[in-house]
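Colleague: Here you go, one structure.
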Amino acid sequence: MEDVLKSALDAARVLGATFAEARLVDERSESYEVKNGKPAAASSSASVGLGVRVIIDGCWGFASVADVSKKSQAARVAKLAARIARASAVVRAAEPAKLGPGGEPGEGRYSTPVQEDPFAVSVEEKLGLLAAAEKRLRGPELPVTQAFLSIFRKRTHFANTEGVSFDQDIVETGAGIAATAVRGSDFQVRSYPNSFRGNFATAGFEYVRAMDLAGNAERVSAEARQLLDAPQCPAGRRDVVLDGGQLALQVHESIGHPIELDRVFGTEAAYAGTSFLTTEKLGGFKYGSEHVNVVADATEPGGLGTFGFDDEGTPGKRVDVIRNGVFVGYISDRESAARLNLASSGAARADGWGRIPLVRMTNINLLPGEWKFDDLLADTDGGLYLATNRSWSIDDRRLNFQFGTEVAWDISGGKLGRMYKNPTYTGITPEFWGSCDAVCSRDFWKMWGTPNCGKGQPGQTAHVGHGTSPARFRNVQVGVVK
Amino acid sequence: MIGRDRSFSILERALSELEKAGAKAAYARLSAGSSELTRFANNYIHQNVAEEDATITVAAIVGRKFGGASTNRLDRAGVGQAARQAMAIATEAAEDKEFPGLASAAVAGPAPEIQGAYDQKTATLSPASRARLVSRAAKYAISKGVVASGKVSSGGHELAIATSNDVRQYSSGSSFGAACTAMIDGAAGSEDWSGSSVDALEARLALFGKEAVETALLSRKPRKVDPGEWAVVLAPRAVSTIVDFLVYLGFDAQAHLEGRSCLAGKMGTQVASDKITLRDDGLDPASVPLPFDFEGVPRKRLTLLEKGVAKDLPHNSRTAKKMGAAPTGHSFGPLSSHGALPMHVVLDPGEATLEHMIASTPKGLFVNRFWYTNVAEPTKAVITGMTRDGLFLIENGRIAGPVCNMRFTESILEALSRVEAVGAEVQGVGGEWDDGVTRVPALKLSAFRFTGATEF
């Protein structure tokens, strides 16, 4: 591995690169789905390749190739990256590409702490676990019952021309169940522990065993069927309590993306969009109420954004994003941070060997407050409790959002009352976070994995995490305005 | 390029490894390609990338049990490992009594060669050529005091399939895309051109950036208007979002079987205006064609909506067997848990010009593009999203000025029942997430529901 990286960097230097980095990435995954008593999908995949990024004459170039069986490939990739960098100079920036501080020279090593290697668990056991859970989902008016399991391993070998190198071994595990109830033209879904194939963590198979999928199956099915009889969620202004899973996506869309410094500088303008969080807001903008405290924390155990090094070699770190409601920090890579004379926040992440690092979320966590969940319900009479994301949409500056959840309940007398179907809520980002007046405590706080965060051209999918506990928001527009 | 002969050589090796591992039936697919993309922002190139990859996907089948694996290690060791992994999964899998088996050679006969699907110039377009296109947009933007961002992408791809049922398919193709977003004073405009040949878009590319810049300039100082029902003229990019979601929510046969489709029980009935005829044509070289699906079944041309009546459903072998139909060449593969979906959608043009649609609108909105659209209520085909890159008020048949962006929440089927005019010119549009090419004209609708607004 070291030979391949060294060959690529040596070739890049000879071709005139003032900076180069090489990443050899070996990814492996397995995916299983049991649907209606049958194996709907069961497959494994493996992908290995080399990506080389260079700066020549102040301009970037990147090339990548899957076939790294011959050492000569490394030099060929570096040569193509150099050719591309020279083409970039045809339409160049006023200033040459500049990188802020990243990792210290030296060799680093990181591995996800794993109790039980998920790749060592037999296929029979994996499918058996899913089959047992899926069987307990089945019932009348439930034409689709599903159980999912995914495992993922990414080994990265990195080196750059500044003497930074690391080997990193990330392991991710995730699973979930879902029941789809259908009657006439109505169909409703309930999921556990989260929608869209479950929840995910950097962890071993112990994470899946602890989920107790089978133990939650009957409740999930019952709720899916109850939704068929539930009335439509009424529209109007309501106090709402969001469960941790929905709140994770709320954090993702309305905090995680706007704080990406590359978006702020317009480098995603044509695709993912920009951000309302322009640089003059740093340090003074009132993002939310004093109850809103958010960090970007690549060191939080178990998060999908937990790692030792980002894909520029910057060590994973925790940085403050919102402190007592005030915006205090972006997530950044070396290039975007340099524009503000800052060090990288350690958030440069690439989707495999064939993509460049972009500014991506690590674990964007809403820190816990003081409330017990039961006390919060008791204090929110007449409100709504919304659980489990169903849909999401937000504008290209991350202000106007609309979310749908699988289910809502009236909060009445300190308890969950009548169930509603098709709940949605909408708002404007700073107003919404400004309406947050209660966050549940650490006892109710957990990490949620989002394995499908899209950004960049060509498209990249990032695996990111969000730590949340249920929280209350006042006077929120629920349902669609007529 | 790997080429036909070498592709089949790799696939034959895979079939042999699967047989050696114990598979009673075997499937192998090779997807290969090189893609390059030059990205620009703030009027300069900031990202410029290339990727070469080739992945083989194998399936081992034993009776009605199966397992799959994929790898981009194409040597004997890599392919052998994938074959053994697929067999290990198949061995432990439960029996699927509804598994239709691999498509037979009779069903998956030779697919037609599509002239023009592969364009050598497009597949091998140089970084310098892409940079010159970027330069064109950036120079125009700078001359107008506007900031331009976007991408120019090009590449070639190959797909080959071989099965133990003697199915053999191979195709190659090229793809090109150019998109530009222009911004000034918080206002934005954009344009997007996609297809399989750079030369076919030459006339558009000669003016690359101009439409985006002019739209941005016209979008400055937007006024706020109230949400509610508005007559709309939708530019092709906005129409593509609606069509893409209709296809996703309505034309998946698997969703019909499970009662999840917005068109379940409505096939053969009028579900949209009689001005709407929607087809799927995977053989049209003007899209990025693919003559067969991932089971190896040749693609059939489908009429999804004929004068507003829901007509053809795409099928894979599984849904075809269950619904008493024939596979149509729209499968994602024999082991895919997804159904079958149209991937090359064309909305038939009408006769109206964009100018006429605007001139015939006393009061309404012109929408250039929707963004971040998602499903709100799937069986009612209700979707929600934002406008972006150009929203204009129409008053007395004229563009009266820019409007702050708005959120819509609307049933696609209801919207498409209110079509008043269909544009005469069809444009190939990349999806919201760069996911394929949809070919659509502009539309005029008598009403469209907006449910929120932004400050910009």
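The values are calculated or read from the model by the stated rules, or taken from the named source; none is laboratory data. Since we're looking at a predicted model, the values are computed, not measured. Heads up, the Cβs are rebuilt from the backbone with ideal geometry, glycines too, and the neighbour counts pull from every protein chain shown. We work out accessible area using only protein heavy atoms, side chains counted, and drop any ligands, DNA or RNA first. Shrake-Rupley method; radii C 1.70, N 1.55, O 1.52, S 1.80 Å.
Colleague: Can you list the lysines whose alpha carbon is less than 20 Å from that of B:Lys121, not counting same-chain residues fewer than 8 positions off?
Modeller: The reachable lysines, counting only those whose Cα sits under 20 Å from B:Lys121, are B:Lys151.
Colleague: In deg cm²/dmol and to the nearest 500, what is the mean residue ellipticity at 222 nm of chain B if only DSSP H runs of at least 4 residues count, each as -39500 (n - 2.57), divided by the residue total?
Modeller: -7000 deg cm²/dmol
Colleague: Please state the equivalent ellipsoid semi-axes for the protein assembly as shown: what are the square roots of 5 times the Cα gyration tensor eigenvalues, largest first, in whole Å? Don't skip to the end; give the middle numbers.
Modeller: Working: eigenvalues 253, 231, 217 Å².
Listed largest to smallest, the semi-axes of the protein assembly as shown are 36, 34, 33 Å.
Colleague: Kindly list the residues of region B:236-280 that lie in the label zone of B:Ser360, defined by a backbone N under 20 Å from the point 7 Å along the Cα-to-C-beta vector.
Modeller: Answer for this model: B:236-240, B:272-278.
Colleague: Would you please state the base-10 log of I(q)/I(0) at q = 0.16 1/Å for region A:94-135, with intensities from the Debye formula using one equal scatterer on every alpha carbon?
Modeller: The Cα Debye sum returns log10 ratios of -0.67.
Colleague: Over the Cα atoms of region A:322-390, what radius of gyration and what Dmax do you get, in Å?
Modeller: 18.6, 52
Colleague: Please quote Rg/Rh for region A:215-362 to two decimal places, taking the Kirkwood radius as Rh and restricting both calculations to Cα atoms.
Modeller: Rounded to two decimals, Rg/Rh equals 1.07.
Colleague: Binning every alpha carbon pair distance of region B:1-82 at 5 Å from zero, what are the percents per bin?
Modeller: P(r) over region B:1-82, rounded to whole percents: 3, 14, 22, 17, 12, 9, 7, 6, 5, 3, 2, 1.
Colleague: What shape does region B:256-335 take by its C-alpha gyration tensor, where a ≥ b ≥ c are the square roots of the eigenvalues and a/c under 1.5 counts as rounded, a/b above b/c as prolate, and the rest as oblate? Mind showing how you got there, number by number?
Modeller: Working: a/c = 2.55, a/b = 1.20, b/c = 2.13.
Judged from the Cα gyration tensor, region B:256-335 comes out oblate (a/c at least 1.5, b/c at or above a/b).
Colleague: Between the DSSP loop rule and a limit of at most 10 other Cβ atoms within 10 Å, which trypsin sites (Lys or Arg not before Pro) in region B:72-175 are left?
Modeller: B:Lys97
Colleague: When only DSSP loop residues count, what trypsin sites (Lys or Arg not before Pro) in region B:186-278 have their Cβ near at most 14 other Cβ atoms within 10 Å? Show your work: numbers first, answer last.
Modeller: Values: sites: B:Arg204, B:Lys210, B:Arg220, B:Arg223, B:Lys224, B:Arg237, B:Arg260, B:Lys266, B:Lys275; in loops: B:Arg220, B:Lys224, B:Arg260, B:Lys266, B:Lys275.
Passing sites in region B:186-278 are B:Arg220, B:Lys224.
Colleague: For region B:82-123, what number results from the quotient of the Cα radius of gyration and 2.2 N^0.38 Å? Intermediate values should be presented prior to the final figure.
Modeller: Working: Rg = 18.2 Å, N = 42, 2.2 N^0.38 = 9.1 Å.
Taking the Cα Rg and dividing by 2.2 N^0.38 Å, one obtains 2.00.
Colleague: Which residues does the label zone of A:Thr278 cover in region B:140-180, counting backbone N under 15 Å from a point 7 Å along Cα→Cβ?
Modeller: The answer is B:147, whose backbone nitrogens lie closer than 15 Å to the label point.
Colleague: While we're here: Over the Cα atoms of region A:253-320, what radius of gyration and what Dmax do you get, in Å?
Modeller: 13.6, 35
Colleague: Provide a list, ordered by number, of residues in region B:248-284 showing at least 40 Å² less accessible area with every protein chain present than when their chain is taken on its own, using a 1.4 Å probe.
Modeller: The answer is B:Glu258, B:Arg260.
Colleague: Once you order the gyration tensor axes a ≥ b ≥ c over the Cα atoms, which shape class does region A:151-244 get: rounded for a/c under 1.5, otherwise prolate or oblate by comparing a/b with b/c?
Modeller: Prolate, since a/c reaches 1.5 and a/b exceeds b/c.
Colleague: Let me ask something additional. Of the GluC sites (Glu not before Pro) in region A:328-414, which ones lie in a loop per DSSP and count no more than 12 other C-beta atoms within 10 Å?
Modeller: A:Glu370
Colleague: Please find the FRET efficiency linking A:Arg219 to B:Lys224, where r is the Cβ-Cβ separation and R0 is fixed at 60 Å, and quote it to the nearest 0.05.
Modeller: E(calc), rounded to 0.05, equals 0.85.
Colleague: I would also like to ask the following. Spin-label point model (7 Å from Cα, Cβ direction): what's the A:Lys71 to A:Asp10 distance in nm?
Modeller: 0.7
Colleague: Please tell me which of these pairs span more than 26 angstrom C-alpha to C-alpha: A:Lys317/A:Lys372; B:Lys65/B:Lys322; B:Lys24/B:Lys97; B:Lys224/B:Lys444? Walk me through the intermediate numbers first.
Modeller: Working: A:Lys317/A:Lys372 29 Å; B:Lys65/B:Lys322 18 Å; B:Lys24/B:Lys97 16 Å; B:Lys224/B:Lys444 22 Å.
Exceeds cut-off: A:Lys317/A:Lys372.
Colleague: Okay, moving on. At a temperature of 25 °C and a viscosity of 0.890 mPa s, determine how fast region B:297-456 diffuses translationally according to Stokes-Einstein, using the Kirkwood radius over alpha-carbon pairs as Rh; express D in µm²/s, rounded to the nearest whole number.
Modeller: Diffusion coefficient, whole number: 138 µm²/s.
Colleague: Let me ask something additional. Quick one: in region A:356-482, what % of C-alpha pairs are over 18 Å apart? Walk me through the numbers before you get to the answer.
Modeller: Values: 5010 of 8001 pairs.
In whole percent, the long-distance tail amounts to 63.
Colleague: Quick check for me: using +1 on Lys/Arg Cβ and -1 on Asp/Glu Cβ, what's the dipole size of region B:192-337 about its Cα centre, in debye to the nearest 20?
Modeller: Value, rounded to 20: 320 debye.
Colleague: Only Lys, Arg, Asp and Glu count, each charged at its Cβ (+1, +1, -1, -1), so figure out the dipole size of region A:381-482 about its Cα centre, rounded to 20 debye.
Modeller: It comes to approximately 120 debye.
Colleague: May I pose another question? Do the sum for chain A: with -39,500 (n - 2.57) for every DSSP H run of n ≥ 4, divided by all residues, what is the mean residue ellipticity at 222 nm, to the nearest 500 deg cm²/dmol?
Modeller: Estimated from H runs of four or more residues: -5500 deg cm²/dmol.
Colleague: How large is log10 I(q)/I(0) at q = 0.09, 0.12, 0.16 Å⁻¹ when the Debye formula is applied to the Cα atoms of region B:153-293, each weighted equally and without solvent?
Modeller: -0.48, -0.81, -1.15
Colleague: Using the charge dipole of chain A (Lys, Arg: +1 at Cβ; Asp, Glu: -1 at Cβ; taken about the Cα centre), state which of A:Tyr330, A:Gly58, A:Thr112 has its Cα farthest towards the positive end.
Modeller: Final value for the positive-end residue is A:Gly58.
Colleague: Taking Cα pairs under 8 Å and at least six residues apart, what relative contact order does chain B come out at, in percent?
Modeller: Computed value for chain B: 15 percent relative contact order.
Colleague: Between A:Ser412 and A:Ala235, what is the label-point separation in nm under the 7 Å Cα-to-beta-carbon projection?
Modeller: Result: 2.3 nm between the two label points.
Colleague: Next up: If we restrict to alpha carbons, what Rg and Dmax does region B:96-193 come to, in Å?
Modeller: Cα only, region B:96-193: 21.5, 66 Å (Rg, Dmax).
Colleague: Kindly state, to the nearest 0.05, the FRET efficiency for B:Asn374 paired with B:Ser411, given R0 = 22 Å and r defined as their beta-carbon distance. Please report the intermediate quantities before stating the final value.
Modeller: Details: r = 14 Å, r/R0 = 0.64.
Taking R0 as 22 Å, the efficiency between B:Asn374 and B:Ser411 is 0.95.
Colleague: Run the simple label-point estimate for A:Glu162 and B:Ile399 please: 7 Å along Cα→C-beta, distance reported in nm.
Modeller: Distance between the two pseudo-spin positions: 4.6 nm.
Colleague: Plugging the Kirkwood radius over Cα pairs into Stokes-Einstein for chain B, at a temperature of 10 °C and a viscosity of 1.306 mPa s, what D comes out in µm²/s?
Modeller: Calculated translational D: 68 µm²/s.
Colleague: Something else now. Excluding the sites themselves, what is the longest stretch of chain B that contains no GluC sites (Glu not before Pro) in a DSSP loop with at most 16 other C-beta atoms within 10 Å? Mind dumping the intermediate values first?
Modeller: On the way: sites that count: B:Glu95, B:Glu98, B:Glu113, B:Glu351, B:Glu425, B:Glu455.
Free of exposed loop sites, the longest segment is B:114-350.
Colleague: Can I ask one more? At 0.36 nm per residue, minus the direct Cα-Cα distance, what do B:Glu12 and B:Ser104 gain on full extension? Give it in nm, one decimal, please.
Modeller: Here the answer is 31.4 nm.
Colleague: Right, something else. With the cut-off at 1.5 for a/c, could you classify region B:395-456 from its C-alpha gyration tensor as rounded, prolate or oblate?
Modeller: The shape class here is rounded.
Colleague: Nearest 20 debye, what's the magnitude of the dipole of region A:5-93 about its Cα centre given +1 on Lys and Arg Cβ and -1 on Asp and Glu Cβ? Mind dumping the intermediate values first?
Modeller: On the way: 14 positive and 8 negative charges, 58 e Å.
So the dipole magnitude of region A:5-93 works out to roughly 280 debye.
Colleague: If I take R0 = 25 Å and measure r between the Cβ atoms of B:Glu202 and B:Ala424 in this structure, what FRET efficiency does the formula 1/(1 + (r/R0)^6) give, to the nearest 0.05?
Modeller: After rounding, the FRET efficiency stands at 0.75.
Colleague: Can you give the Rg to Rh ratio for chain A, taking only C-alpha atoms and Rh from Kirkwood?
Modeller: Dividing the radius of gyration by the Kirkwood radius yields 0.99.
Colleague: Right, something else. Measuring from a point 7 Å past the Cα of B:Ser129 along Cα-to-C-beta, which residues in region B:143-181 have an amide N at less than 14 Å?
Modeller: B:152-157, B:174-178
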